Structure formats: structure tokens, C-alpha cells
1. Within the range 136-144, can one find any residue that is within 12 Å of the ligand (Cβ to nearest atom), out of contact with any Gly (no Cβ under 8 Å at 6 or more places or on another chain) and open to solvent by less than 10 Å² (accessible area, probe 1.4 Å)?
2. Could you tell me whether Glu344 is over 26 Å from the mean Cα position of the chain (by Cα), among the acidic types (Asp, Glu), on the phi < 0 side of the Ramachandran plot and surrounded by fewer than 17 Cβ atoms within 10 Å (Cβ to Cβ)?
3. Among what's in the range 347-366 and is assigned to a helix (DSSP H, G or I) and closer than 27 Å to Thr454 by Cα, pick the residue that is farthest from the chain's Cα centre (by Cα).
4. Restricting to the range 172-208, name every residue that is in contact with an Asp or Glu (Cβ under 7 Å, 6 or more places away or on another chain), not in a helix (DSSP H, G or I) and not basic (Lys, Arg).
5. Which of the residues spanning the range 558-586 are open to solvent by 60 Å² or more (accessible area, probe 1.4 Å), under 30 Å from the mean Cα position of the chain (by Cα) and over 16 Å from Gly513 (Cα atoms)?
6. For the range 596-646, name all the residues that are under 21 Å from the mean Cα position of the chain (by Cα) and aromatic (Phe, Trp, Tyr).
7. Any idea which of (1) without any contact (Cβ under 8 Å) to a residue 40 or more places away in the chain; (2) polar (S, T, N, Q); (3) crowded, with 23+ Cβ neighbours inside 10 Å is the one Thr15 doesn't satisfy?
8. Which of the residues that make up the range 225-274 are over 18 Å from the mean Cα position of the chain (by Cα), open to solvent by 20 Å² or more (accessible area, probe 1.4 Å) and within 11 Å of the ligand (Cβ to nearest atom)?
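The values are calculated or read from the model by the stated rules, or taken from the named source; none is laboratory data. Quantities reported herein were computed from a predicted structural model and do not represent experimental measurements. Methodologically, a virtual Cβ is constructed for each residue, glycine included, from the backbone with ideal geometry; neighbour enumeration extends over all protein chains shown. Side chains are part of the model used for accessible areas, which takes the heavy atoms of the whole protein and leaves out ligands, DNA and RNA. Shrake-Rupley method; radii C 1.70, N 1.55, O 1.52, S 1.80 Å.
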Amino acid sequence: MAQYSRVSGTVGLITLLNPPVNALSAAVRQGIVDTLDKALSDRKVKSVVICGHNGKFCGGADIREFSSPLTGPPLIPLIQGVESAAKPVVAAIDGVALGGGLELALGCHYRIAHSKARLGLPEVHLGLLPGAGGSQRLPRLIGVPAALDLITTGRHVTGAEALQLGLVDKVTDRNTVDEAVKFALSVADQPPNSRRVSTFPCPRHPDLDALFEGAMQRVRQRARGALAPVACVQAIRAAATLPYAQGMERERELMATLFTSGQARAQQYHFFAQRAVGRWSMPSGARWDTTKPGAVHKAMVIGLGTMGRGISVALVQAGVSVVAMETNEKQLMEAKQAISSMLERGAKRRGVAPALDKIRYSWNMEPAADVDLVIEAVFEDMALKKKLFQQLSALCKPGTFLCSNTSGLDVDQLASETRHPELVVGMHFFAPAHVMKLLEVVYGSRSSPQAVATAMELGKRMGKVSVAVGNCRGFVGNRMLKPYLEQAFFLLEEGTTPEFVDQVLEEFGFAMGVFRMSDLSGLDVGWRVRKADGLLNVSEGHSARIRQGCRYSPLGDLLCEQGRFGQKTGRGWYQYDKPGGRVAKPDPWLHGFLEKFRTQHGLVAHRIDHQEVLERCLYALMNEGFRILEDGIAAGPEDIDVIYVLGYSWPPHRGGPMFYAGMVGLQKVLERLEHYHQEHPDIPSLKPCNLLRKLVVNGSPPVHKWREFLKKPQSQL
Ligand SMILES: CCC[C@H](O)CC(=O)SCCNC(=O)CCNC(=O)[C@H](O)C(C)(C)COP(=O)([O-])OP(=O)([O-])OC[C@H]1O[C@@H](n2cnc3c(N)ncnc32)[C@H](O)[C@@H]1OP(=O)([O-])[O-]
């Protein structure tokens, strides 16, 4: 709803009221229509201010209403009504003006913003475009290039940047509503005719064709297969080339197509899933809303390789004092330089001073005695980590949380080396750790709810989406990656090429196919893990393609034996022009090697099509996701989907693997897995898991109902 009052004698003040972000629900839209009517018909009122309750202007259309038929006044005529008002209307922008919220402000005749307010049109992240006139008004106000940038990236700008762009008329550091009321008084006598953005001509640009071609190329590159960014460019093109009314018609058509697309549904699901994972629970019954996190003022990061450096930067940027530790003096010096320049670059981007005084460096563990939390980021070597946890346990003050940035090792084993296993959790960051938004928080069987709450909260402070998961090999993300990678290798053995597999996966929407991704992250990483797992030893009398009783592909190991570790050595699944080169080129040597391998093992290459690549790679991964749910390692499908979209470049417009399974149809996923498992009975990851069968038997319920079919966590409290 919206509240109305008259202030300073002649200003009608409309306050949007719908906590927490004053989204434009049916009631709010009705409230705006009614209160605007009141203000315009009150003869004492000379000008109007629209603001939001509780320091937030408006977070946009109410996304929750998108899944049901529209009720209440529609937004487009509402904003048109504001714009055509005969009295000047001023938007007082505090907190946020996003999506429909900014579109409402664009319909106002003046915009006054707080310097720290965030403004933007983020609809593209919801699979939509700014469909309440935003795609038509914004380019008219700030020009086509700036509008293309804001609308296709969905990025937020501060009030200060908005002023530079010409998006707002004035910025203040004081009380925005007071300033807006003063402003409204000053323009009360000026008819707003010349202030209606829809009547502005779109600023001319010397080469519109080149501009739009470039924009289209960029959006296609950034989000392969996503409809919304393309539609955003098309809508802005309409603004630049058509009269306003026709542009609005084009915006409406494009919006209608997007609105009913599966992609918009997937991205809106992802929006709510990101928020749902914050409401974590543990099998013990402990929950996010009943557990208080511990305070973390000072933290120590041990091991300053790529991960440790990124984690240190993320902590400092979150305001935590950091002791960064590395035993090798040369590496310590290199890390210090790298961290300082990362902090300086980050501070420059955010327009603040780098917090270099928040971090100090140490080559020994002594400072651990005085910190609230330690994050260990040394090599993925269990013996090394265990030793470290023993030492930390003896050295740290009581109550210090001990966290491991392991990407898949057993958190319980680490905890058992300490005096207080309840203080131990996994904090699995993703590289680069100061950039990637995902954090897997891994609770072991003895982790206390407070330790989990502390890691979750710290992740949030670092600007990450933290997902609490149970302890198992690879946790959620890497556990699901294993069958996906395996299928890709098997497909090579059976007749295809890395280029074809990558092409199929990239067309699906992954930024990189599995082989290009492996080359980038280094083939030797997995090789070392397989070595440690004893998988490199072929038992006498057994085929090299069978290990531990199951089908195994030695292809990756064979490449590593040749020193082909991927990009860093200039050779891997592809060839590169030099070690460290980035452009992957097909490698005739690799094709010959595959042929030789098949001959050696009596394999006859057969034609593998697009569908088989996609189904075997993705359905095997999804099947593992169902197993993870069945095992209670993830609390719900949203947790898995958030992990995959934010940590493994799963295309957001496909929601995440579990959401995608629902989109494909659980029955179909089950049938195809059964088919492939029949063809390859020696690949256990293709055997459909029981939960998938159970869901199909129960009529394939939608993803938000799956939790009803999972084992209820048992309370041990
Ligand atoms: C014709 C229409 C055309 C138009 O162009 C379409 C649009 O406007 S599309 C819209 C374009 N707008 C956007 O895309 C903006 C989307 N919103 C955001 O980006 C962030 O929420 C915001 C920056 C506003 C606040 O961040 P923060 O402070 O970290 O807080 P938080 O994120 O944790 O959210 C708190 C709670 O509010 C909830 N909620 C939030 N927004 C909406 C909404 N619009 N609706 C409903 N609910 C919304 C959110 O789910 C959460 O609920 P819960 O039950 O507590 O989990």
C-alpha cells in the first residue's frame, strides 16, 4: 500500500509501504493510483514527492506475483499517469531504486537520490527486460551506450554515478526526503511539460548499427543461449529508432515473449533460491534463526597460494583484520605483493582507500593464538592438513573456529585431530576467492551450530552466498562434477572429440566446456587426487579401463604422464601457442592418441550425437544431485542449484541442475538414465537413484515440493 500526507503546506508526500523493499505489489500499485489522485485533486498541493518507507525507495515489481495472473492496476499506465501529472512529481530515492522502482522514478519529473542509494534495471537477471517503459525512457534520458550497459548487465550504480550519467537531477548526503520536499517546493510553479522523459528525443549516435551489433555480440558471448539480454538490446534499439509509442509496443511484445519463457521462470527461481539457502538447517535440527554466530574481528589465513591470497583479500574487504601466513619466505613476499595489488585494484574500483593496514604477514603460526577464526588453505594433502589442525588446536585461544578450505576432504578427520571438534567446519571457496560469489560451508558430524552460523555469516559479510552442506567426498559441487567429467572421458573413448563435447556443453550455456575447463584449471590437480586414492595402480590381470570394480578412463592420467597439464604447459586436451596461452586449438596429436587408445583397447569408435553428449554428461550429474538429496548432504534442491550456478558456471537461465531436471521432465530423465545404464552397466553413476524413481512414482512434483519426499532431518537436540 501507499501512505499519503501533505507536508510543508503544499507538497503531497506519497510513501510506498511494503516491507522489506517496498516492492510494487498490487496493493502498492493501487495505493499509488489512489494517493496520486488525492494529491492531484487537492488544490492546496502544488507538487508531489514519492518516497519509500524505511529508507528504501523501491525494489521493483513484486516478483512473487509473477507466477499468478495480474491483479490490481498495471504498472505501465500507472507510470504514464505519474508522468502526465500536471503538477511536478519528484522521486526521493533512498536505499534502492531497482527495476520497476527505477521505472517509476523515470516517470517522475525530477529525481533526487542519496549519494549511497543503488539504482539499476536488473530485470535481465530475472530473465526479463525493464518492461514498464524502462527500456524506452532510460536511453532517452542517458543516451543509448549508457542505457545498453546498465540494462544488459543489470548492474547497480550509486547515486553519485547516477548523477554523472544524468539519471538523477541531484544527489544528497542528507535526508533525501527532506531534500526532495525542498526541491519540490522550489519547482512548484514550473509546469512539468518539458520534464516528461517519454517526450525526449533519443540522443543521436553517429553509428547506431555498429553500436547495436557490438552490443549484441557482447551479450551473446556473455550469456550463451539466454533470451533476456538479446531482448534488452532489441528493446533499446526500438527506443533509438522508433517513436515512443511504437517503442513501447515493441517493449510489450518482447516482454510477453520473455515472461512466458522457461528462462524467466528459471532465473526467478534462482533469485529466490539464493535467498532460501540462507535459511539453513542441520540434521541436528539446529537452524539459521535459532543460532547466534560468533564474532569474528580477527582471522588468520594459512597458505598463501592462489586460494589463500583471494581469501585474505575477501576477508580484508569485509572489514576483518587478517594475519596472512606462509612458511616459505620467498612465497610470503610474493603473496604480500600480490595481495596488496589486489586490494589496491579492488579499492580503486569501489572508490575507497585500500585497507592495507588491515592485513599483516607472518611466516610462523604464533599469531594464531590471538585470532577468532583460522582458515587453512594449504595443499589438498590430508596428512599436511591434519598436522596443521593438531598444531592449531594446541595454539589457539579457547573458542577459535578452525576452518579448512578443502575442496573435498573429510572434515570429520580434520576435526578429530583437534581438542574441540565442534569448532571445526569446512569453508570451501571458489577461485578466484575474492571474486566468486559461492561459499560451501561444510558441517562435519561434530561441528557445532555456532561454528556453522559463524562461517555462514562470515561468508555473507564477504559478499558471498553461503550454502551449508554435509560432509562427504567432494561435498556437493565436486561430488557432482565427478560423474560429469567421467562421462566426458568415456565419450572420448567411445568415439567423439574434446571439441565436440565442449561445443555441445557451450551451446547448452556453460561458459566453457568440460575439456577447456580442465585445461584451464590444470589436469594435474585431478591426477594428484586419483594418485592419492590409489586409482593409478592397475591390478594385475585387469583391464586398464577398470578400477576398483568399475569402469575407469585412464585418458587423463595418460595425458599427465606426457606432461600435458593443460594451459600452463601449452598442451592438454587442446594445444596452445605457448605455455600459459589461452586460445585452445584442436590438437591433431590428441586425435591420433585417441585413435591409438581405442585400437589398443579394442574399442570401435561410433558416432556420438549432440543429444547423447548432453544427456550422458548432464543426467549423470543430475543423478548424483538426487543422491546427494537422498543422503541428506544438501537440504534441498535449491542448495544444489545455487552451488552449480554460482560456483560451476551452470547457465542461470536454466535454473540449476535440479531445476533443469524438472524442466526436462523427471520421467524423461529417468528413462534416459535407464537406457544409458542398460548400455553401460559398468558405470554406476548412470544407475537412476531411488529418490528420482520415488519422485516419478509420485507424479513428478515440481521442484519446490521435493523436500516433502526427503528424509526428515532427525533432531538430536
Ligand atoms: C511490468 C514489470 C516490469 C518490471 O520492469 C519488472 C521488475 O521490476 S522485476 C524486479 C526488479 N527488481 C529486482 O530485480 C530487485 C530484486 N531485489 C534485490 O536485488 C535485493 O532484494 C535488494 C537489493 C532490493 C535488497 O537486497 P538485501 O537487502 O540483500 O535483501 P534480500 O535480497 O535478502 O531481500 C529481502 C527480501 O525481500 C524480497 N525481495 C526483494 N526484492 C523483491 C522483489 N522485487 N519482489 C519481491 N520480493 C523481493 C527477497 O525475496 C527477500 O525475501 P525473504 O523472504 O526475506 O527471503
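1. Within the range 136-144, the first condition is being within 12 Å of the ligand (Cβ to nearest atom), and the residues that meet it are 136-138.
Adding the requirement that they be out of contact with any Gly (no Cβ under 8 Å at 6 or more places or on another chain) leaves 138.
Then drop every residue that is not open to solvent by less than 10 Å² (accessible area, probe 1.4 Å), which leaves 138.
Yes, because at least one residue in the range 136-144 is within 12 Å of the ligand (Cβ to nearest atom), out of contact with any Gly (no Cβ under 8 Å at 6 or more places or on another chain) and open to solvent by less than 10 Å² (accessible area, probe 1.4 Å).
2. On the way: over 26 Å from the mean Cα position of the chain (by Cα): no; among the acidic types (Asp, Glu): yes; on the phi < 0 side of the Ramachandran plot: yes; surrounded by fewer than 17 Cβ atoms within 10 Å (Cβ to Cβ): yes.
When the stated conditions are applied, Glu344 does not pass them.
3. Initially, the range 347-366 is screened for residues assigned to a helix (DSSP H, G or I), giving 347-350, 356-358, 366.
Then drop every residue that is not closer than 27 Å to Thr454 by Cα, which leaves 347, 350, 356-358, 366.
Working: Ala347: 22, Arg350: 20, Leu356: 28, Asp357: 30, Lys358: 27, Glu366: 37 Å.
Among those residues, the one meeting the criterion is Glu366.
4. Thr172
5. Step one: list which residues in the range 558-586 are open to solvent by 60 Å² or more (accessible area, probe 1.4 Å), which gives 561-562, 568, 571, 577-579, 582-583, 585-586.
Of the ones still in play, those that are also under 30 Å from the mean Cα position of the chain (by Cα) are 568, 582-583, 585.
Lys568 - this is the single residue of the range 558-586 that is open to solvent by 60 Å² or more (accessible area, probe 1.4 Å), under 30 Å from the mean Cα position of the chain (by Cα) and over 16 Å from Gly513 (Cα atoms).
6. Correct list: Tyr644 only.
7. Unmet for Thr15, out of (1) without any contact (Cβ under 8 Å) to a residue 40 or more places away in the chain; (2) polar (S, T, N, Q); (3) crowded, with 23+ Cβ neighbours inside 10 Å: (3).
8. Selection gives Arg252, Met255, Ala256, Phe259.
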